[in-house]
Amino acid sequence: MFKNFCITLVVMLVNIPIGTAGTIATNNGVWSPSTCGTEPEVPTIDSSSPDAYNQSIELIDDWQTKANAYATCAVSEANADIALIAKIANDTQARLRTAIKNITKDVADAKAKLENP
């Protein structure tokens, strides 16, 4: 019975939802940065004339600068999110381990008290 109680307790504690994963799930399972602005759209090359082509190259150069800035921001934000999620998960695990240790001791103490009145 004590074993069943401990297993039930662990299952209950482990199933506590974490908000960040819910945010990802509500976004169709796709993570996207929240502070990097909009991802720049890839320009097209216009080869209808030399001037149009040159203008396209200028747009591509501008896009490349914006795309690099966006990618750098997105990677930085992703790394920060990953670190935060890992910290929350580790803190949760440590807190639950302590709670399990404490409740296991309390159950054992209560059982001993009831067996030896």
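Read-outs: derived from the displayed coordinates by stated rules, not from any lab. Quick caveat, the model's predicted, so the values are computed rather than measured. Because the Cβ atoms are built from the backbone with ideal geometry, glycine has one as well, and the counts that use them run over all protein chains shown.
Descriptive notes on the structure:
- Under 5 Å, built H, 5+ apart or other chain: amide partners of Asp46: Ser56
- The simple spin-label model puts a point 7 Å past each Cα toward its Cβ; for Ile82 and Ala94 those points are separated by 2.1 nm.
- Extension gain from Ala74 to Thr44, taking 0.36 nm per residue of separation minus the Cα-Cα distance: 8.5 nm
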